[in-house]
Amino acid sequence: MSYKKQIDEIRLEINKYDDKILILLLERFMLSRKIGKIKNKNNIPINNAKREQEIINRISENVKNPIDAKAIKFIFKEIFNFSKKMQNTENNIS
């Protein structure tokens, strides 16, 4: 099998994972919006650094390679930042 065909096959697999990640992120953001509404109604701050650190710690336990752990931490921090922005936006228009 040619290297191009091998790469194409692997990319098809990556596309499947990308689709799954997208679905999971959309579901996560929907739940995050719900939390934002509850926080807004109860005057609870959107930012919760303790909760974010708990998530990072829990997820990092499953990652053995330090380089991968660093990448996962970066990705999740971006997810947290976007979730907080969505919660703030939700609260301003609700």
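Laboratory data are not the source of any read-out in this text; all were calculated from the coordinates shown. All of these numbers come straight from a predicted model, not from anything done at the bench. Positions of Cβ are generated from backbone atoms using ideal geometry, with glycine treated the same way; all protein chains shown enter the neighbour counts.
A few remarks follow.
- Cα-Cα pairs of the range 3-93 separated by more than 24 Å (percent): 37
- Model label sites at residue 13 and residue 29, defined 7 Å from Cα along the beta-carbon direction, differ in position by 2.8 nm.
- Taking the Cα centre of the chain as reference, the dipole from Cβ charges on Lys and Arg (+1) and Asp and Glu (-1) amounts to some 380 debye.
- Kyte-Doolittle at least -1.0, axis length at least 15 Å by Cα - qualifying DSSP helices, the chain: 3-41, 66-93
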